[in-house]
Amino acid sequence: MSEIKIILKRVRRSRHLRLSIGADGSVLLTRPFWVSEKAARYFLHTKADWLKAQWQKGRASDDNYFRRGGREDYLRNKEKARALVVPRLDYFNQFYNFKFRRLSIRDQRSRWGSCSRNGGLNFNYRLVFLPPNLADYLIVHELCHLGEFNHSPAFWKLVARTIPDYENRRRLLRKL
């Protein structure tokens, strides 16, 4: 793992050890304050095979959507993303009638979207690079969180109302 850049970070509110791979290929090991650096490095050692496989998979992928662009790419595509999301959100919300307060297009590094408890919907600008069926799934997914703020069976039932093949689309999205 000598070619992999590893960043160790202590986070006061963290409860667990967590490994994540950034779009640039760097590995972030987040640890709570109560976990020693020695214990964190041992954890990293036990996950070495998995980490190498994931890191190689990410490097081999030409379609890593989170590796694209930078600030300029975000600024260039932000309004294109808004132009994609707003009409699709309006269309799908005809079936749900959920109220949302705010819509934001962001440059998120590891998420396609999110929903806040106060009714804010956030979408990654990179949605513009996705096939339309996957973008629709993501829009409906976040919209349905306004009705069910979890991933319970009731939530998936809401999603299935307009995206009956959501499981397949979700599987395709995870392969990207």
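The values are calculated or read from the model by the stated rules, or taken from the named source; none is laboratory data. The shown structure was predicted, so the numbers you read here are calculated from the model rather than taken from an experiment. As a convention, Cβ positions derive from the backbone with ideal geometry for all residues, glycine included, and neighbour counts pool all protein chains shown.
Within the stretch 75-96, the set of residues being assigned to a helix (DSSP H, G or I), in contact (Cβ under 8 Å) with a residue 40 or more places away in the chain and within 15 Å of ASP136 (Cβ to Cβ) comprises ALA81, LEU84, VAL85, ARG88, LEU89, PHE92, ASN93. Within this structure, ASP73 fails the test of being within 20 Å of ILE6 (Cα to Cα), modelled with pLDDT under 90 and either charged (D, E, K, R) or within 18 Å of the chain's Cα centre (by Cα) (or both).
Exactly one residue out of HIS145, HIS151 is surrounded by 19 or more Cβ atoms within 10 Å (Cβ to Cβ) and over 16 Å from ALA81 (Cβ atoms): that is HIS145. Out of ASN122, ASN133, ASN93, one residue alone is modelled with pLDDT of 95 or more, more than 14 Å from the chain's Cα centre (by Cα) and within 25 Å of LEU176 (Cα to Cα). It is ASN133. For LEU158, the conditions (1) at pLDDT 95 or above; (2) surrounded by fewer than 20 Cβ atoms within 10 Å (Cβ to Cβ); (3) more than 18 Å from the chain's Cα centre (by Cα) all hold with the exception of (2). Take the conditions free of Cβ contacts under 8 Å to residues at least 12 places away in the same chain and part of a helix (DSSP H, G or I) and apply them to LEU158. Does it pass? Here the answer is no, as LEU158 does not meet what is asked. In the stretch 12-33, the qualifying residues are those that are under 20 Å from GLN108 (Cα atoms) and exposed (fewer than 14 other Cβ atoms within 10 Å of the Cβ), and the one that is modelled with the lowest pLDDT is ASP24.
Looking across the stretch 109-135, the residues that are surrounded by 15 or more Cβ atoms within 10 Å (Cβ to Cβ), part of a loop (DSSP other than H, G, I, E, B) and touching a helix residue (DSSP H, G or I) at 6+ places or on another chain (Cβ under 8 Å) come down to TRP112, LEU130.
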